[in-house]
1. For the residue pair Glu286 and Phe151, what label-to-label distance in nm results when each label sits 7 Å from Cα along the Cα-to-beta-carbon direction?
2. Provide the gained length on full extension for the span Lys395 to Ser142, in nm with one decimal, where the gain is 0.36 nm per separating residue minus the Cα-Cα distance.
3. With contacts defined as alpha carbon pairs under 8 Å and 6 or more residues apart, what's the relative contact order of region 1-79 in percent?
4. Which distance in Å, rounded to a whole number, links the C-alpha centroids of region 1-64 and region 213-242?
5. Where the only charges are on Cβ atoms (+1 Lys, Arg; -1 Asp, Glu), what is the dipole of region 22-78 about its Cα centre, to the nearest 20 debye?
6. Which parts of region 65-93 would a label at Glu5 reach, counting a residue when its backbone N lies under 17 Å from a point 7 Å out along Cα-to-Cβ?
7. Just the number please: accessible area per residue for the chain, 1.4 Å probe, all protein chains included, in Å².
8. Between rounded, prolate and oblate, where does region 50-186 land on the alpha carbon gyration tensor, with a ≥ b ≥ c its root eigenvalues, rounded for a/c under 1.5, else prolate if a/b exceeds b/c?
Amino acid sequence: MDGKEALAFAESNNFEMVDLKFMDFIGTWQHFTIPNYELDEDSFEEGYGFDGSSIRGWQPIHASDMLVIPDPDTAVMDPFIKRPTLSLICNIVDPITKEAYSRDPRNIARKAEAYLKSTGIADTAFFGPELEFFILDDVRYSTGPDHGYYFLDSVEGIWNSGRDEKPNLGYKQRYKEGYFPVPPADSLHDLRDEMVRVMTQVGLKIGAQHHEVATAGQSEIDLRFDTLVKVADALQWYKYVVKNVARKAGKTVTFMPKPVFSDNGSGMHTHQSLWKDGKPLFAGDEYGGLSKMALWYIGGVLKHAKALCAFSNPTTNSYKRLVPGYEAPVNIAYSSRNRSASIRIPMYSASPKAKRLEFRTPDPACNGYLSFASQLMAGLDGIQNKIDPGQPLDKDIYALSPEELSGVPTTPRSLEESLKMLEQDHEFLLKGDVFTIDVIEKWIEYKIEAEVNQINLRPHPHEFFLYFDC
């Protein structure tokens, strides 16, 4: 869709307003809105100005002017705004040089796709994320010099099995028993159906929806695979739709990786494959029905996995999920069918078109543009350098003895450790100018100052339980 077609689409829907959406550096959609008469064909080249110094991790105050350039191919009608509103996802450019902004996550993802084509290895990278999230009924949290707490609640939470709900109808999900129950135990089926309906309305392709393992309303809706930038765009629409549909129903949603202690956290298993000239490149006669290229790609992801965590698991809370011995795959290994490995080769279908790998470590708190782009760059580095992934680990990793596990590397234990690994291992990201040094340095600086240090400075509520009487 070009600018003229986007305008015709908007006019056919009697649009009154235009919502301009873009991704901040960390991973949250931002927006501002203009009336319909402010949009014309030139707008898709000239863009609109805004203050870049007010966006996290972007411009200093003395060089704050930036431009958003709407991408006409992203035109849809916003399903939640009262007045008919055209929604456009935008790219960020410098108003003076007109160059794409280096810290715009969408631009980084676009450069990753361009770099892939320039290598001649493939022309298309497909990604398919499976997002997990919690649908909750009440959330309260506060922090200050004299206090720090959170409370969350869900009508499905097993801790409410004895609460007087006048009446309490039971059907609370027991810890780790929320996977695939039918209603009435699954009380959120209709709500997830409505989420899927609205996602489809804005052009998303959905594979399946279901209740997930944890108590307290953990759910999953699977995005169908698409090309890198398109699926990262879809990821933002996904979060936008889920949160707003839940809010209309009087509920709330969190994509925090580990909001509930003692039960499963939320991951974002990420399926990926390379294609060229319409043909899949990952099918072959090697282990798991893979090609040599696919194994080298796996080798690259495994080699750089610790650095990748800085983008795929980018919060301090992410590492409450990545704990050895629990449900998340922390051991850096690959296997067919084995869900305890960080990379799994799905074996549902023998079709070459279905042959792919599933990176199971990432979580849904990530910035999709950066997470997918960094994984692609790691995989390409593996292909370019023919990195051997080693032997597959086909045993249940959780059942291995300490001696057997001693040779299996693990993901970092904290965000701080991930950022240190990124600082040491990022050359593969700089190829093709996809990621730039200023992006790597700013990401590390922001995460340390705004997140790691802020958590480290504050007493934890459980520390009072452990140490108050010391």
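1. Taking the simple label geometry, Glu286 and Phe151 are separated by 5.5 nm.
2. This chain segment gains 86.7 nm when fully extended.
3. 32 percent
4. Value for the Cα centre distance between the two parts: 23 Å.
5. Value, rounded to 20: 440 debye.
6. Flagged as within label range: 70-77, 87-89.
7. 46 Å²
8. It is prolate, given that a/c is not under 1.5 and a/b is the larger ratio.
The values are calculated or read from the model by the stated rules, or taken from the named source; none is laboratory data. Since we're looking at a predicted model, the values are computed, not measured. Because the Cβ atoms are built from the backbone with ideal geometry, glycine has one as well, and the counts that use them run over all protein chains shown. Only protein heavy atoms, including side chains, enter the accessible area calculation; ligands, DNA and RNA are left aside. Shrake-Rupley method; radii C 1.70, N 1.55, O 1.52, S 1.80 Å.
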